[in-house]
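Asks: Before I ask anything, let me first share the structure, which is written out below as structure tokens.
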Amino acid sequence: MNTNHKLQAVLFDVDGTLADTEQDGHRLAFNAAFKQFDLDWNWDIDLYGELLQITGGKERIRFYLEKYKPAELNRNDLKEWIANLHKTKTKHFESLMEAGSIPLRPGVARLIHELRQEKVKIAIATTTTMENVTALLKSTLGEEAIGWFDVIGAGDIVPLKKPAPDIYHWVLDQLGLSAQQCIAIEDSENGLKSALAAHLPTLITVSGYTRLQNFSGAVAVLSDLGEPSQSFTQIEGTALDKGWVDHKMLSNWISL
Ligand code: XBP
Ligand code: MG
């Protein structure tokens, strides 16, 4: 095999991919922040599904104002006000993670452990904040897990969030690797667009809000990463010979 095509790194998305954080994590944290700011807004499950088309919490709040609360746009400190509201939301999300509210999805811990054993680099490319990534990793894998990742690209480190490719370009640059040596694991159409625009082969594991989205261009679409004891369901892609994603399966996808 051409060594350029040997798998060197796996780039994980966070929300929806490592854990199903949106409905019972971020959404609740936004609502708690609204309450703390004396706002009578409530993002219910359906409305939040609509707002998820905009990635990034600050960007999502602004989009909500434009569509549903345009009078709020007249605040002269709008940018700062949104940033403060979002900071409060992040604190609530961290508390939810500390309470252990959201587990990792099937196969995530197993695959991370296997990749470390195989000396394949692991990285994170996410739209959410570094605080949230840290809180999730700490509550699910333990504090030391933060150091297992060779690169963590999060939040405002790049100006343009997914579906722009910027976060993936930034992570690849930090890793010193080309896209052809890596694979991304994503759960959403916006995430897939971002990874594909950075030329990364991309595996999709669908999540609560994303299962009906368009995933054309992905190497495969699965229900989750699967476990030897609990197979994934394959939704799209060439038939696979086992029911859990491992180092070998990921390597096969990048050498296609
Ligand atoms: C995740 C996001 C984030 C989270 C909320 O997208 O879009 O905005 O919903 O987190 P992806 P913040 O999984 O593609 O990275 O409020 O910290 O942005
Ligand atoms: Mg995601």
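The values are calculated or read from the model by the stated rules, or taken from the named source; none is laboratory data. Remember, predicted model here, so these are calculated numbers, not experimental data. Virtual Cβ from ideal backbone geometry, glycine too; neighbours counted across all protein chains shown. In case anyone asks, the SASA skips ligands and DNA or RNA and just uses the protein heavy atoms, side chains included. Shrake-Rupley method; radii C 1.70, N 1.55, O 1.52, S 1.80 Å.
Asks: Just give me the residues in segment 20-38 being within 30 Å of Pro201 (Cβ to Cβ) and near ligand 1 (Cβ under 10 Å from one of its atoms), in sequence order.
Replies: Hits for segment 20-38 are Thr21, Glu22, Gly25, His26.
Asks: Can we say Val151 is open to solvent by less than 30 Å² (accessible area, probe 1.4 Å), touching a helix residue (DSSP H, G or I) at 6+ places or on another chain (Cβ under 7 Å) and away from ligand 1 (no atom under 16 Å from the Cβ)?
Replies: Considered against the rule, which asks whether it is open to solvent by less than 30 Å² (accessible area, probe 1.4 Å), touching a helix residue (DSSP H, G or I) at 6+ places or on another chain (Cβ under 7 Å) and away from ligand 1 (no atom under 16 Å from the Cβ), Val151 comes out as no.
Asks: Only one of Leu85, Leu141 is outside the structural domain of Val221 (by TED's automatic domain parsing) and of a type in the set (A, V, I, L, M, F, W, C); which?
Replies: Leu85
Asks: Given (1) free of Cβ contacts under 8 Å to residues at least 12 places away in the same chain; (2) over 21 Å from Asp20 (Cα atoms); (3) not basic (Lys, Arg), identify the lone condition not met by Leu200.
Replies: Only one criterion in (1) free of Cβ contacts under 8 Å to residues at least 12 places away in the same chain; (2) over 21 Å from Asp20 (Cα atoms); (3) not basic (Lys, Arg) is unmet by Leu200, namely (1).
Asks: Here is a further query. Which condition number in (1) of a type in the set (D, E, K, R); (2) touching a residue at least 24 places away in the same chain (Cβ under 8 Å); (3) away from ligand 1 (no atom under 16 Å from the Cβ) is the one that Glu80 fails?
Replies: Of everything listed in (1) of a type in the set (D, E, K, R); (2) touching a residue at least 24 places away in the same chain (Cβ under 8 Å); (3) away from ligand 1 (no atom under 16 Å from the Cβ), Glu80 misses just condition (2).
Asks: Go through segment 91-111 and give me each residue that's open to solvent by 30 Å² or more (accessible area, probe 1.4 Å) and in a helix (DSSP H, G or I).
Replies: Lys91, His92, Glu94, Ser95, Leu96, Glu98, Ala109, Arg110 - these are the residues of segment 91-111 that are open to solvent by 30 Å² or more (accessible area, probe 1.4 Å) and in a helix (DSSP H, G or I).
Asks: OK, next. If you take the residues of segment 39-58 that are buried (at least 18 other Cβ atoms within 10 Å of the Cβ) and among the aromatic types (Phe, Trp, Tyr), which of them is nearest to ligand 1 (Cβ to nearest atom)?
Replies: Among those residues, the one meeting the criterion is Tyr48.
Asks: Shifting gears a bit: Would you pick out the residues in segment 203-223 that are among the polar types (S, T, N, Q) and within 13 Å of the chain's Cα centre (by Cα)?
Replies: Thr205, Ser207, Thr210
Asks: Same structure, new question: Report, ordered by the first and then the second residue, all pairs with beta carbons closer than 9 Å, sequence separation of six or more or different chains, a first member in segment 34-60 that is assigned by TED's automatic domain parsing to the domain that holds Lys193 and polar (S, T, N, Q), and a second member that is part of a helix (DSSP H, G or I) and within 13 Å of ligand 1 (Cβ to nearest atom).
Replies: Nothing qualifies.
Asks: Oh, and also: Collect the residues in segment 227-248 that are open to solvent by 80 Å² or more (accessible area, probe 1.4 Å), part of a loop (DSSP other than H, G, I, E, B) and modelled with pLDDT under 95, keeping them in residue-number order.
Replies: Thr238, Ala239, Asp241
Asks: Of the residues Ala71, Ala33, Ala83, which is open to solvent by 40 Å² or more (accessible area, probe 1.4 Å), of a type in the set (A, V, I, L, M, F, W, C) and farther than 23 Å from Leu141 by Cα?
Replies: Just one listed residue meets the conditions, Ala71.
Asks: Return only the number of the condition from (1) touching a residue at least 40 places away in the same chain (Cβ under 8 Å); (2) surrounded by 21 or more Cβ atoms within 10 Å (Cβ to Cβ) that Ser251 does not satisfy.
Replies: (2)
Asks: Can you go through Leu212, Leu222, Leu160, Leu141 and tell me which one is in contact with a strand residue (DSSP E or B) (Cβ under 8 Å, 6 or more places away or on another chain) and either open to solvent by 30 Å² or more (accessible area, probe 1.4 Å) or modelled with pLDDT of 95 or more (or both)?
Replies: None of the others qualify; the one that does is Leu222.
Asks: A further question follows. Could you check segment 189-209 and list, in sequence order, the residues that are touching a Pro at 6+ places or on another chain (Cβ under 9 Å) and open to solvent by 10 Å² or more (accessible area, probe 1.4 Å)?
Replies: Glu189, Asn190, Lys193, Leu196, Ala197, His199
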